[in-house]
Amino acid sequence: MTTQTTGTVAPCPSRQAVAHPAPAAGAACETTGATSERTGTASPPRTASLVPGVPAAPGTQPAHSNASHSRRAPRTFFHLISSIHRILPDAVGRHLPVTFVGYAIINGSAFLLDISLLWFFYERLHWFYPLAVTVGYAVAGVYSLLLNRWLNFQSHGHLATQGSRYAVGLVSQYVIFIIGLSSLLHWAGMNAELARFLSACCEGIYLYTLMRLWVFRGTPEPVDEVA
């Protein structure tokens with residue numbers, strides 16, 4: 001049996017009458033990326049600038065680039081001291097570690113800093129001599145630890161542990177050579193700077209031995225990576 005349907009049929013809406021919302025910016029980028037995949041063209045990375053001629057944001061630089069820059073100074077410094085070590089006489093070079101050359105350079109500049117501060121505090125500000133020696137010695141000690149750790153020994157151990165060991169070495173060196181020997185020579189009538197120089201010659205060997213055998217214990221001798 002055939003059933004006849006009566007009533008009005010609603011007309012189909014016109015294509016122009018249907019409103020299509022504009023795609024969001026993120027959707028447009030996704031559509032573009034999908035189209036690029038279908039056509040075989042690689043879509044640009046999210047961190048790169050999508051506007052021609054405009055560079056990417058500074059924060060999008062690869063991490064290995066920053067690590068390479070942080071290692072450049074130690075490599076350059078070790079290449080320098082290795083070159084100096086190679087021109088030493090064979091009898092000396094065989095028994096003298098390369099890091100001793102770096103230690104001599106760093107602690108030589110630390111000694112100049114120490115003497116300059118001693119002269120300023122004692123001669124200009126007229127501080128009590130042991131106090132002037134102590135302040136200059138402390139500043140130069142921190143300077144020496146940080147540069148030896150970073151440039152010379154290139155150690156990556158825990159800074160607090162190494163710093164505490166170094167502090168013990170500085171205290172013992174301070175008592176033996178700075179307050180003891182330096183003050184004794186000064187009170188005996190020797191010039192303050194000369195007394196400090198003689199005590200520094202003795203403390204230099206003492207401190208390097210302490211650094212190599214205890215402060216940076218377990219740190220291998222750096223290798224010259226620069227051809």
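Please treat every number below as a calculation from the coordinates, not as lab data. Just so you know, these numbers come straight off a predicted model, no measurement behind them. Here the Cβ positions follow ideal geometry from the backbone for every residue, glycine too, while neighbour counts run over all protein chains shown.
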Fewest-first ordering of Arg149, Arg72 by Cβ atoms within 10 Å yields Arg72, Arg149
Using DSSP to define loop residues, name the chymotrypsin sites (Phe, Trp or Tyr not before Pro) in the range 76-134 whose beta-carbon has at most 10 other beta-carbon atoms within 10 Å. Phe128
Work out, step by step, the length gained on full extension between Ala138 and Ala73: first 0.36 nm times the residue separation, then minus their alpha carbon distance; give nm to one decimal. 20.9 nm
Put in order of increasing Cβ neighbours within 10 Å, starting from the fewest, Val133, Val139, Val98 give Val139, Val98, Val133
